[in-house]
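The values are calculated or read from the model by the stated rules, or taken from the named source; none is laboratory data. What you see is a predicted model; the values in this text were computed from it and never measured. Here the Cβ is made from the backbone with ideal geometry for all residues, glycine too, and neighbour counts use every protein chain on show. Accessible surface areas use protein heavy atoms only, side chains included; no ligands, DNA or RNA. Shrake-Rupley method; radii C 1.70, N 1.55, O 1.52, S 1.80 Å.
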Amino acid sequence: MHRRDVDRLDPARDYWVPAVVSPRRDWSAAPGCRRGARYLVNSATLAVSREEFETFDGELSCRRWIRQNQAALARGLPGAEVRAVPLGRWLLGLE
C-alpha cells in the first residue's frame with residue numbers, strides 16, 4: 001500500500017503496521033535521519049519507509065509477520081525494535 005491511498009481504507013476497521021523508531025542520529029537503515037524518527041517497514045524490501053507499507057487486519061497477524069522476519073529485520077534495521085502499531089495512531093503521531 002502507498003501512503004497516498006490510506007484514505008481508501010475502511011475507516012470502521014483497525015489496520016496494523018510494523019513500525020520502527022530510529023535508535024540514533026544518522027542510523028544506517030535511514031542515513032541522515034534524526035534520533036527518534038518514525039518509520040514504517042516495507043514488507044517487500046524489509047527496509048524503512050514513510051510511503052510504502054503493508055497493512056495487516058489484526059495485531060496478531062502483524063506480530064506474526066515481524067516474528068517470521070525477525071532475523072532479516074535485525075540485520076537490516078540494526079539496534080531498533082520493530083513493533084506492531086495501529087496505523088491510525090501512527091499516522092496521528094501517537095505511536
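A 1.4 Å probe run over the chain, with the rest of the protein chains in place, finds 62 Å² accessible per residue.
Each of VAL85, ALA30, THR55 was scored by the projection of its Cα onto the charge dipole of segment 12-95, and the greatest displacement toward the positive side belongs to ALA30; charges sit on the C-beta of Lys, Arg, Asp and Glu.
When the alpha-carbon atoms of the chain are used, the pair Rg, Dmax equals 12.7, 38 angstrom. Helical content alone sets the calculated 222 nm signal of the chain at -6000 deg cm²/dmol, taking -39,500 (n - 2.57) per DSSP H segment of four or more residues and averaging over every residue.
Count Lys and Arg as plus one, Asp and Glu as minus one, and take only other residues whose Cβ is under 14 Å from that of PRO23; the net charge is then +4. Using a cutoff of 8 angstrom between alpha carbon atoms and counting only pairs six or more residues apart, the relative contact order for the chain works out to 34 percent. Working note: Karplus 6.51/-1.76/1.60 with θ = phi - 60° gives segment 30-42 the couplings 8, x, x, 6, 9, 5, x, 5, 9, 9, 9, 10, 6 Hz, where Gly and Pro are set to x. Roughly what angle does helix 59-68 make with the longest principal axis of the chain, taking Cα atoms, 0 to 90 degrees, to the nearest 10? The angle comes out near 30 degrees. A Cβ-based charge dipole, computed about the Cα centre of the chain with Lys and Arg at +1 and Asp and Glu at -1, lands at about 420 debye.
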